[in-house]
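Participant: Here you go, one structure.
The values are calculated or read from the model by the stated rules, or taken from the named source; none is laboratory data. Being a predicted model, the structure only gives us computed values, none of them experimental. Here Cβ is always computed from backbone atoms with ideal geometry, including for glycine, and neighbour counts include all displayed protein chains. Heavy atoms of the whole protein, side chains included, go into the accessibility calculation; ligands, DNA and RNA do not. Shrake-Rupley method; radii C 1.70, N 1.55, O 1.52, S 1.80 Å.
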Amino acid sequence: MKIRTLLTVIATAIALTASAATPQGDGVITIKVNKASKALVEQWIKGYKAVKPNVEIALVSGKSADADLTLVNAPQEGAQITYVGRYALLPVTSTENPLLRDIQKKDWKSKDIKHLFFNEEEDFDEEYDDYEEEQEGKKNKLTDKLTVYSGSSKASLSSTFAAHFGHTTDDLRGNRIVGDDYYLLSALVEDKAAVTFNALNNLYDLSSRTLRSNLALLPLSVKTSQREALSSGNLDETIELIEKENIDLIPVADIGFTYGAFDSDIDAFLQWVIQEGQQYNHQQGFLKLSTKEVESQLRVLALNQ
C-alpha cells in the first residue's frame, strides 16, 4: 500500500472515531431555564446564533418539559453539569422599614446574620463581659422585631444562602414565599419591618445599573474599601468587588447546565458560552467564571467527546 493511501486510511479512521465519540447533532437544542436566569440565557442564544445561524435553540418551560440542557443554580446528584457563570446574594430590606436607622447602625457580622435569618440556640461564651452581653441582647431585640422572608420553591436560592452560613433551609426564620425569588422583594413592600436576601440581578436595575430605589442593603462588617463599593449602589462596582475578593459574608455560587445525552451541537454551544458568552454575564447581573474555572470546564467538556 502506498504511503499516501495509508495516511488517507488512518485519517479517515481517526475522523470516524471522533465522530463516534461525540454524536453528531441535528442542529436543534432545547433549554429549560427558571425566570431568574431566562434573560441571561436569551442573551447567550442571541450571541451564539450570530455566529451559528443554522442552529435552532428553543426555550421550554414547565416541570414536566424535556430539554437537552437545563440551567440550575445548585449541583444535582448524579447529573452531569457544566458551569457557565456565578451569582452572589446580599441581605436587603426596604427603605421604608421603620427600623432602618437601627439596621444601618449595625456592623453586621456573620454571627449577626445568623441570629437574624436562622433559628439558633443561644451560645454565649462564658468569658463575655457584661457589656458584650448587653450589646448581644440589643441585637436580639432588633432581630425579634424583624420578619425574615425566604423562598420555598426548588429553584429558590435559599438553600445556597443557608448552606453558606452552615444551615439548611429548615433553619430559616419567618415566612416562606412560593414562586420566583423576585417575589421576595414584593414582601418588603407589604411588610415594612421585613428583611430578605436575593441575587444581584433581582436587587439592581439592570438598565440604570443601580440598586432599586426602594431597597437598602444591610451594612456588612467588611473592609472599608469593600463597604464603599457595596454602599455605592452601583451594580458594576459590586460585581467587580465580588469577583476580585472573597468576602465571607457574601454567598457566591455557580450556575450550570445539566444534560443527559451529549452531541456535537451541545458541545459547541457550551464551549461558546464558557469562552465567548461570559461577556453577557455582567450585563444580566451575574458573575463571570474565573480563568481557572474556564479552563476547568473546557477540560470537562473534552472528556465528553
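Participant: Keeping to segment 248-271, report how many residues are over 16 Å from the mean Cα position of the chain (by Cα) and surrounded by fewer than 16 Cβ atoms within 10 Å (Cβ to Cβ).
Facilitator: 2
Participant: Further question: Against the definition (open to solvent by 30 Å² or more (accessible area, probe 1.4 Å) and either under 25 Å from residue 142 (Cβ atoms) or of a type in the set (S, T, N, Q) (or both)), how does residue 198 come out, yes or no?
Facilitator: So residue 198 fails the test.
Participant: Something else: Working only within segment 1-51, note down all residues that are within 30 Å of residue 183 (Cα to Cα), at pLDDT 95 or above, open to solvent by less than 60 Å² (accessible area, probe 1.4 Å) and assigned to a helix (DSSP H, G or I).
Facilitator: Within segment 1-51, 39, 40, 41, 43, 44, 45, 47 meet the criteria.
Participant: When both residues are 6+ apart or on different chains and their Cβ atoms are under 8 Å apart, which pairs have a first residue that lies in segment 277-300 and is open to solvent by less than 40 Å² (accessible area, probe 1.4 Å), and a second that is assigned to a loop (DSSP other than H, G, I, E, B)?
Facilitator: What qualifies is 278/288; 278/289; 281/288; 284/206; 285/206; 287/281; 297/289.
Participant: Take the residues in segment 65-83 that are in a strand (DSSP E or B) and among the hydrophobic types (A, V, I, L, M, F, W, C), then tell me which one is farthest from the chain's Cα centre (by Cα).
Facilitator: Among those that are in a strand (DSSP E or B) and among the hydrophobic types (A, V, I, L, M, F, W, C), it is 69.
Participant: Suppose we filter segment 144-158 for residues that are at pLDDT below 95 and among the polar types (S, T, N, Q); how many remain?
Facilitator: Qualifying residue count for the region: 3.
Participant: Among the residues of segment 191-215, which ones are closer than 19 Å to residue 151 by Cα and small (Gly, Ala, Ser)?
Facilitator: The answer is 193, 194, 199.
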